1. When both residues are 6+ apart or on different chains and their Cβ atoms are under 8 Å apart, which pairs have a first residue that lies in the range 19-33 and is part of a loop (DSSP other than H, G, I, E, B) and at pLDDT 90 or above, and a second that is of a type outside the set (S, T, Y) and surrounded by fewer than 17 Cβ atoms within 10 Å (Cβ to Cβ)?
2. Condition check: among the small types (G, A, S), in contact with a Pro (Cβ under 8 Å, 6 or more places away or on another chain) and modelled with pLDDT of 95 or more. Does G16 satisfy that?
3. Criterion first (of a type in the set (G, A, S), surrounded by fewer than 14 Cβ atoms within 10 Å (Cβ to Cβ), in a helix (DSSP H, G or I) and in contact (Cβ under 8 Å) with a residue 40 or more places away in the chain) does A7 satisfy it?
Amino acid sequence: MRWILLAVGVLLVLMGAVWTLQGLNVLGGSAMSGATMWAVIGPIVLVVGVVLAWRGGRRAR
């Protein structure tokens, strides 16, 4: 179960980073480029991904 949380967390971090960069118009070539909505959704998804990856990467005590 932990590796699933870790894998989903890493995917969410990557997606959140890409969405943030597209929303800020740093990465172009998409309908999401320059859209403020994605500049807001991206960091939220990124933080959720960090939390999931952290929980999945913790050692069991």
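The values are calculated or read from the model by the stated rules, or taken from the named source; none is laboratory data. On a predicted model such as this, the values are computed, not experimentally measured, just so you know. No Cβ is skipped: glycine too gets one built from the backbone with ideal geometry, and neighbour counts run over all protein chains shown.
1. Within 8 Å, the pairs are N25/G34.
2. yes
3. yes
Per-residue answers, yes or no, for (1) of a type outside the set (A, V, I, L, M); (2) surrounded by fewer than 18 Cβ atoms within 10 Å (Cβ to Cβ):
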{"site": "L12", "(1), (2)": "no, no"}
{"site": "W19", "(1), (2)": "yes, no"}
{"site": "G28", "(1), (2)": "yes, yes"}
{"site": "A31", "(1), (2)": "no, yes"}
{"site": "A35", "(1), (2)": "no, yes"}
{"site": "G42", "(1), (2)": "yes, no"}
{"site": "V45", "(1), (2)": "no, no"}
